[in-house]
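One structure below.
Since every read-out is calculated from the coordinates, none of them should be taken as a lab result. Keep in mind the model is a prediction, meaning the values are calculated, not measured. Virtual Cβ from ideal backbone geometry, glycine too; neighbours counted across all protein chains shown.
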Ligand SMILES: [Zn+2]
C-alpha cells in the first residue's frame with residue numbers, strides 16, 4: 001500500500017502505485033484532470049505526491065510510448081499546414097506539461113535518435129533546456145554553462161528600447177539606446193519573440209592594444225562613438241505633490257520667497273517659472289530646484305506668535321547630487337485624492353566613455369579602457385578598422401568558444417549580407433562557416449594581416465577580426481563616479497557618512513587598507529584612518545577616562561582621584577565602544593606605555 005498526498009495533505013492509499021499513477025496520467029492526458037496537475041512517486045517513502053497548487057513551473061514535453069514519439073510525421077505535416085495547433089496537440093495527448101518534481105520519474109530523450117523503449121518523453125527542441133534569455137545566445141551549446149548564466153544576467157541589463165511609449169512615461173532610472181540593431185548572428189528564438197533589439201553589431205579584433213585593454217578592458221574606436229555606437233539617453237524623474245495638513249494648511253508649489261526657513265540660494269531657483277515648476281529644455285545641474293515648494297510648519301505651536309509666512313518651510317525638489325541633464329518634460333496632474341502632483345522628467349545624453357560597461361551575451365563583460373582616435377587604430381588590407389578591441393587573454397580561461405564562433409559567423413553574415421542562424425544545438429558546423437568565408441575570398445579562420453595605425457607597418461601576428469553583437473549595460477560611470485573631500489559626518493560615531501547620493505564617502509575597510517599597504521602609501525592610510533580622531537585623557541594609575549577641567553584648571557580621575565592625566569589619541573568610534581561597555585557596568589581600562597620605550 002502506498003500513501004497518497006495531495007498538496008501536502010494525506011488523502012488515501014493505493015494498492016499499486018504504478019497502476020494508480022498510470023491511471024491518473026491517462027485521465028490527465030484525456031482532459032479529465034487538470035493539465036497542470038503533477039504526480040510523482042517517491043520509492044524511498046513508498047508515497048505518491050500529487051500537486052495542483054500554484055507556483056510550480058511547468059514545461060511542455062512530447063509524450064513517447066513504446067519507443068515512439070506521439071508527434072509523428074502525420075501530425076507534423078498538419079501542424080505545418082495549420083490544421084493542428086498547440087492546444088489541439090495538448091488535447092490529443094501529444095504534448096503535456098511537466099513540473100520539476102514529476103520529471104524525477106521520467107526518462108526524457110533529447111532528440112529522436114535517443115529514444116529507447118524506456119523513454120517516456122521527448123524534448124520539443126534541445127534549446128528548450130535553456131531559459132528564454134539564454135536561448136537567445138548564438139551557438140550557446142559551445143559555451144560553458146556558468147558563462148551562459150552570467151550572459152543571461154548581462155542581457156537583462158542591456159540598454160535598448162524598453163517601451164515604445166517611453167516619451168509618455170515617467171520612469172525612474174531608465175535609459176534608451178539611440179540606435180539599437182538586430183544581431184546579424186542570432187538564434188531563431190530571437191525572431192519568434194519579435195521584441196525591440198538591445199544591442200549593436202560591431203567589428204571586433206581580438207588583440208592587445210598599448211596595454212590599455214588589460215584583463216577585461218575594451219578599446220573603443222572614437223569614430224564609432226561619433227557614429228552613434230553606445231549612444232543612449234538616461235532618464236530620471238522627480239515628483240512632488242501638494243499635501244493637505246490639519247488646520248486648513250497645505251503645501252504650495254511656488255517659487256519660495258526669501259523669508260521662508262531653509263531658503264537655498266537665489267541661483268538655485270533661477271530657472272523656475274512663475275508657477276514654481278521648471279521650464280522644459282532648461283539646463284540643469286546638481287542642486288538646481290526643479291519643483292519649488294513651501295510647506296507649513298510641522299508643529300502648530302511654533303506659529304502661535306510668529307506670523308505664518310515667516311514660519312513656513314522650504315520643501316523644494318532639487319536635482320540629485322552628482323547628476324545633470326535637461327528638463328525633458330513637465331507633467332501636471334491630480335492624484336486620486338485630488339492633490340496637485342507635479343512630475344518632472346530629466347534627460348541626460350550619454351555617449352560611451354571610459355569606464356562604461358559593455359558585454360556580449362556570452363558573459364564576456366568589460367569596461368572601456370581607452371577611446372582611440374580612428375586614425376591610430378590598426379586596419380586590414382581593405383581598410384576595415386575595428387570598432388572594438390578585445391583582449392585574447394579573456395578567452396581561454398572563460399572557455400567561451402561560442403564567442404569566437406559568433407565572431408566568425410558574423411563576418412560571413414556581413415560579407416554575404418544575410419542573417420546567420422546561430423540557434424543552439426541546430427547542428428551548424430564551424431567547418432561550413434570557414435568554407436563559406438574561404439569562398440568569399442578570406443582566410444578560412446577569420447584571421448587577417450593588420451597594419452599598425454601609427455607606423456603603417458604590418459603587425460607580425462595574424463589578427464582574428466570579425467563581426468559580432470555587443471550590448472551596452474545600464475551601469476555607466478557617470479552614475480557611479482564619486483568624490484568627496486570633507487563633509488557630513490554621522491552624529492553617533494563621528495565618521496564620514498557613506499553613499500553617493502548623500503554626498504558621503506567610500507568605506508575604507510580591512511581589504512582596502514591592505515591594498516594601500518601593499519601599494520606603499522601608508523601616509524594616506526594614516527590620514528584616512530584618523531577621520532574621527534579624538535584626544536582623550538587617561539588616568540595612568542587606574543586606566544580610566546579622566547576629566548580635564550579647563551575652568552578649574554585641574555586634571556582628575558573620577559575613579560581613583562589621581563591628579564595627573566595622560567593624553568592619547570584614538571578614533572571616536574572606539575571611544576564610543578568603551579563608553580558602551582561602561583554602560584554595561586564593565587570597567588575597561590587602558591594600560592599606558594611610552595611609545596619610545598622598548599618592550
Ligand atoms: Zn584613576
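Radius of gyration (Cα atoms) of segment 533-583, expressed as a multiple of 2.2 N^0.38 Å: 1.13.
Size descriptors for segment 482-529 (Cα atoms only): Rg and Dmax, in that order, 11.7, 33 Å. Remark on the chain: Rg and Dmax equal 34.4, 106 Å (Cα only).
Taking other C-beta atoms within 10 Å as the exposure proxy, 508, 399, 476 rank 399, 508, 476 from fewest upward.
Given R₀ = 22 Å, what would the calculated FRET efficiency be for residue 381 paired with residue 210, taking r from the Cβ atoms and rounding to 0.05?
So the FRET efficiency works out to roughly 0.50.
Enumerate the residues in segment 30-70 having an amide nitrogen under 18 Å from the point lying 7 Å beyond the Cα of residue 83 toward its Cβ. Counting backbone N atoms under 18 Å from the label point, the list is 70.
Each residue of segment 375-477 gets 151 Å³ once the volume of the Cα convex hull is shared out per residue. One decimal place: the segment residue 573-residue 475 gains 31.9 nm when fully extended, by the rule 0.36 nm per residue minus the C-alpha distance. Averaging 1/r over every pair of different alpha carbons in segment 15-85 and inverting the result gives a Kirkwood radius of 14.6 Å. Fully extending the segment from residue 426 to residue 552 would add 36.3 nm, taking 0.36 nm per residue of separation and subtracting the current Cα-Cα distance.
Per-residue counts of other Cβ atoms within 10 Å, averaged by peptide: what ranking do you get for 65-77, 199-211, highest first?
Numbers: 65-77: 12.8, 199-211: 20.0.
With the highest mean Cβ count within 10 Å placed first, the list reads 199-211, 65-77.
Given that compact globular proteins tend to follow 2.2 N^0.38 Å, what is the ratio of the alpha-carbon Rg of segment 219-344 to that value?
Cα Rg divided by the expected 2.2 N^0.38 Å: 1.34.
Panel values: segment 39-145, Kirkwood radius from alpha carbon pairs, Stokes-Einstein at 25 °C and 0.890 mPa s, translational diffusion coefficient 157 µm²/s.
Figure legend: label point modelled 7 angstrom from the Cα of residue 399 along Cα→Cβ; residues of segment 128-152 with amide N under 14 Å from it are 141-149.
At 4 °C and 1.567 mPa s, what whole-number value in µm²/s does Stokes-Einstein give for the translational diffusion of segment 476-580, with Rh from the Kirkwood sum over Cα pairs? Taking Rh from Cα pairs, D becomes 79 µm²/s. Listed by Cβ neighbour count within 10 Å, with the fewest neighbours leading, 560, 414 appear as 560, 414. The helix-only estimate of mean residue ellipticity at 222 nm for the chain, built from DSSP H runs of length n ≥ 4 each weighted as -39500 (n - 2.57), is -5500 deg cm²/dmol after division by the residue total. At q = 0.26 Å⁻¹ the log10 of I(q)/I(0) for segment 218-274 amounts to -1.18, computed by Debye summation with a single uniform scatterer per C-alpha, solvent ignored. Across segment 325-438, Cα-Cα distances exceeding 22 Å account for 60% of all pairs. The share of C-alpha pairs in segment 194-243 whose separation exceeds 14 Å stands at 70 percent.
Pairs of Cα atoms under 8 Å, at least six residues apart: use those to get the relative contact order of segment 477-546, whole percent.
Contact order relative to length: 20 percent.
Neighbour counts of other Cβ atoms within 10 Å put 530, 402 in the fewest-to-most order 530, 402.
Mind jotting down a quarter of the surface of the convex hull over the alpha carbons of segment 111-252, in square nanometres, one decimal?
That works out to 17.4 nm².
Sorted largest first, the spans of the alpha carbon positions of segment 9-53 along the three principal axes are 29, 22, 16 Å.
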